[in-house]
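Undergrad: The structure under discussion is supplied below as structure tokens; questions concerning it will follow.
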Amino acid sequence: MSLASSSWWRAGVHADRRPFLLARNRITKAFRAWFEDQGFEEVEAAALQVSPGNEAHLHAFATQALTIAGEASPLYLHTSPEFACKKLLAAGENKIFSLGKVWRNRERGPLHHPEFTMLEWYRAAAPYQTLMDDCAVLLALAAETAGTTRFAFRGMTCDPFTAPERLSVAEAFARHAGVDLLASVAADGSTDRDALAAQARSAGIRVAEDDGWADIFSRIIVEKVEPRLGEGRATILCEYPISEAALARPKDADPRVAERFELYACGVELANAFGELTDPAEQRRRFLIEMDEKARIYGERYPIDEDFLAALAHMPPASGSALGFDRLVLLATGARRIEDVVWTPVAG
């Protein structure tokens, strides 16, 4: 039974959660102060968008806007402020952050909530390694503000004051699964499904006949890699295969991989960051591939935001990161589930 189903508003339940919620408020204030001190402008993205994003496994809440005459046009609650923030970069902003609500459907559990708070920030003309440094600062700031010296979750511990380990995805696959990932990725970024499937089976991973390369990649990540990340200190998992980084630019030194990293602590994914792709034609191509995959698996597809693609042509080189704020608060406060750190959980 979820917390929302057990009447979170009852005085006894609220009293148990209140210390976590007050710590959340302190961390919120500390983060805003840090970004402002770094010269960032806080922005607010409209929640209603013509497209919620174009990733195959991302699910949105749909609605519609009505004209005075009653004519309807589809809209979605955004799953991220990313499209809006990049339009602001195209408009001339240089350092921006957003701390606000986003919505994702088909997501509920100890680490998932259908409405959650995302911290997203962008630096124009900055390499994505700068965001790695930002993440390390924010981990320590959250812990310091909450009054803790370590994160703990599901039997794992992490020192938020120690610099995160930087580990490439290929290194992580070799270390934790015994898989040579890049042996299945060609120089042009295309992938060899059968080569990865053979290695996965040798590593004890189940592979179905209709699994594609991306399905196998995800299963190895989930079963073998993620549970080992962020033990002792945080992990920055970087250099994802280009096919797994739909909005990131290729790495100059190796175009098989992208300038993408994810931040982990205690096996929990906290942030996802990119050296941002600014080529509208390439972005359209990747979106169409993702939507074809979504249609194959789920029987639906989301529209492409043409205004976003137009803005990309004017966007400066930039790097951006999205951090699950509620998850970080959970780790910093020692809460057990995400609903413990949400003031008013969604019914369900």
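The values are calculated or read from the model by the stated rules, or taken from the named source; none is laboratory data. Given the structure is predicted, the values throughout are model-derived calculations rather than measurements. Positions of Cβ are backbone-derived with ideal geometry, glycine not excepted, and every protein chain shown enters the neighbour counts. Accessible surface areas use protein heavy atoms only, side chains included; no ligands, DNA or RNA. Shrake-Rupley method; radii C 1.70, N 1.55, O 1.52, S 1.80 Å.
Undergrad: Rounded, prolate or oblate: which one fits segment 256-332, using the alpha carbon gyration tensor with axes a ≥ b ≥ c (rounded when a/c is under 1.5, else prolate when a/b beats b/c, else oblate)?
TA: On the way: a/c = 2.21, a/b = 1.41, b/c = 1.56.
Oblate, since a/c reaches 1.5 and b/c is not below a/b.
Undergrad: Once the Cα gyration tensor of segment 1-108 is diagonalised, what are the square roots of 5 times its eigenvalues, in whole Å and ordered largest first, as equivalent ellipsoid semi-axes?
TA: Equivalent ellipsoid semi-axes, largest first: 29, 25, 13 Å.
Undergrad: How large is the dipole of the chain about the Cα centre if only Lys and Arg carry +1 and Asp and Glu carry -1, each at its Cβ, rounded to the nearest 20 debye? Mind dumping the intermediate values first?
TA: Working: 39 positive and 50 negative charges, 248 e Å.
Magnitude of the dipole: close to 1200 debye.
Undergrad: Among the trypsin sites (Lys or Arg not before Pro) within segment 199-270, which fall in a DSSP loop and have no more than 12 other Cβ atoms within 10 Å of their own Cβ? Can you show the working numbers first?
TA: On the way: sites: ARG201, ARG206, ARG219, LYS224, ARG228, ARG233, LYS251, ARG256, ARG260; in loops: ARG206.
Those satisfying the criteria are ARG206.
Undergrad: To continue, here is another question. May I ask you to give the solvent-accessible area per residue for the chain, in square angstrom, as obtained with a 1.4 angstrom probe?
TA: 44 Å²
Undergrad: Could you list the residues of segment 46-63 with an amide nitrogen less than 17 Å from a label point located 7 Å from the Cα of TYR298 in the Cα-to-C-beta direction?
TA: Taking a point 7 Å out along Cα→Cβ of TYR298, the residues of segment 46-63 whose backbone N falls under 17 Å are 49-63.
Undergrad: Roughly what percent of Cα-Cα pairs across segment 157-214 reach past 17 Å? Write down the numbers at each step before the final one.
TA: Values: 817 of 1653 pairs.
Summing the P(r) tail past 17 Å for segment 157-214 gives 49 percent.
Undergrad: Of ALA30, SER218, LEU131, which is farthest towards the positive pole of the chain's charge dipole, taken about the Cα centre with +1 and -1 on the beta-carbons of Lys, Arg and Asp, Glu respectively?
TA: Final value for the positive-end residue is ALA30.
Undergrad: Taking springs between alpha-carbon atoms closer than 10 angstrom, which of LEU141, LEU328, LEU247 fluctuates most in the Gaussian network model of the chain?
TA: LEU141
Undergrad: Would you calculate, for the chain, the mean residue ellipticity at 222 nm contributed by helices, counting each DSSP H stretch of 4 or more residues as -39,500 (n - 2.57) and dividing by all residues, to the nearest 500?
TA: Numbers: 9 runs with 118 residues, N = 348.
Rounded to the nearest 500, the figure is -11000 deg cm²/dmol.
Undergrad: If a/c stays under 1.5 just call it rounded; otherwise compare a/b with b/c (prolate if a/b is bigger, oblate if not). Do that for segment 164-251, with a ≥ b ≥ c from the square roots of the Cα gyration tensor eigenvalues.
TA: Working: a/c = 1.97, a/b = 1.20, b/c = 1.65.
Cα axes put segment 164-251 in the oblate bin.
Undergrad: By accessible area of protein heavy atoms, probe 1.4 Å, what ranking do GLU36, GLU226, GLU93 get, highest first?
TA: GLU36, GLU93, GLU226
Undergrad: What are the equivalent ellipsoid semi-axes of segment 289-347, built from the alpha-carbon gyration tensor (square roots of five times its eigenvalues), in whole angstrom, biggest first?
TA: 33, 21, 11
Undergrad: Where in segment 193-228 is the amide nitrogen less than 19 Å from a point lying 7 Å along the Cα-to-Cβ axis of THR162?
TA: Label zone hits: 226-228.
Undergrad: Taking 7 Å along the Cα-to-C-beta vector as the label spot, tell me the LEU48-PHE61 distance in nanometres, rounded to one decimal.
TA: With each label placed 7 Å out from Cα toward Cβ, I get 1.4 nm.
Undergrad: Now for a different question. Can you tell me the FRET efficiency between ALA208 and ASP254 if r is taken as the Cβ-Cβ distance and R0 is 22 Å, rounded to the nearest 0.05? Provide the component values of the computation, followed by the final result.
TA: Numbers: r = 30 Å, r/R0 = 1.36.
For ALA208 and ASP254, the calculated efficiency is 0.15.
Undergrad: If you consider only alpha-carbon coordinates, what radius of gyration and Dmax does segment 111-172 have, in Å?
TA: Using the Cα atoms of segment 111-172, the pair Rg, Dmax is 14.1, 40 Å.
Undergrad: What label, among (i) 118, 41, 39; (ii) 61, 54, 39; (iii) 57, 57, 42, belongs to Cα extents along the principal axes in Å computed from the structure on display?
TA: Given (i) 118, 41, 39; (ii) 61, 54, 39; (iii) 57, 57, 42, the structure-derived one carries the label (iii).
Undergrad: Connecting C-alpha atoms closer than 10 Å in a GNM of the chain, tell me which of ALA15, ALA195, ALA62 has the biggest fluctuation.
TA: ALA15
Undergrad: Under the classification rounded if a/c is under 1.5, otherwise prolate if a/b is larger than b/c and oblate if not, where does segment 180-302 fall, given a ≥ b ≥ c as square roots of the Cα gyration tensor eigenvalues? Before the final figure, lay out the partial values.
TA: Working: a/c = 1.45, a/b = 1.09, b/c = 1.33.
Rounded.
Undergrad: Using θ = phi - 60° and the Karplus relation 6.51 cos²θ - 1.76 cosθ + 1.60, list the HN-Hα couplings for segment 119-133 in order, rounded to whole Hz, with x at every Gly or Pro.
TA: Rounded to whole hertz, the list is 9, 10, 9, 9, 10, 6, 6, 10, x, 5, 5, 4, 5, 4, 5.
Undergrad: How many nm is it between the label spots at ALA347 and ARG106, if each spot is 7 Å from the Cα in line with the beta carbon?
TA: Result for the modelled spin labels: 2.5 nm.
Undergrad: If you don't mind, another one. Please work out how much length the chain gains when fully extended from ARG284 to VAL13, using 0.36 nm per residue of separation minus the C-alpha to C-alpha distance, in nm with one decimal.
TA: On the way: separation 271, 0.36 × 271 = 97.56 nm, distance 4.77 nm.
Stretched fully, the ARG284-VAL13 segment lengthens by 92.8 nm.
Undergrad: Restricting to lysines 8 or more places apart or on different chains, can you count the pairs in the chain with Cα atoms under 27 Å from each other?
TA: 17
Undergrad: Report the gain in length on full extension from ASN94 to ASP307: 0.36 nm times residue separation, minus Cα-Cα distance, nm rounded to one decimal. Don't skip to the answer; put the middle values down first.
TA: Values: separation 213, 0.36 × 213 = 76.68 nm, distance 1.96 nm.
Full extension from ASN94 to ASP307 adds 74.7 nm.
Undergrad: Right, here's the next one. Computing the accessible area with a 1.4 Å probe over protein heavy atoms, can you report the carbon and sulfur percentage for segment 94-137? Intermediate values should be presented prior to the final figure.
TA: Values: 840 of 1630 Å².
The computed percentage sits at 51.
Undergrad: Could you tell me the center-to-center distance, by alpha carbons, between segment 103-127 and segment 306-348 in angstrom?
TA: 2 Å
Undergrad: Identify, among ALA318, PHE308, GLY334, the residue whose Cα sits farthest towards the positive end of the charge dipole of segment 289-348, taking +1 on the Cβ of Lys and Arg and -1 on the Cβ of Asp and Glu, with the dipole about the Cα centre.
TA: Ranked along the dipole, the leading option is GLY334.
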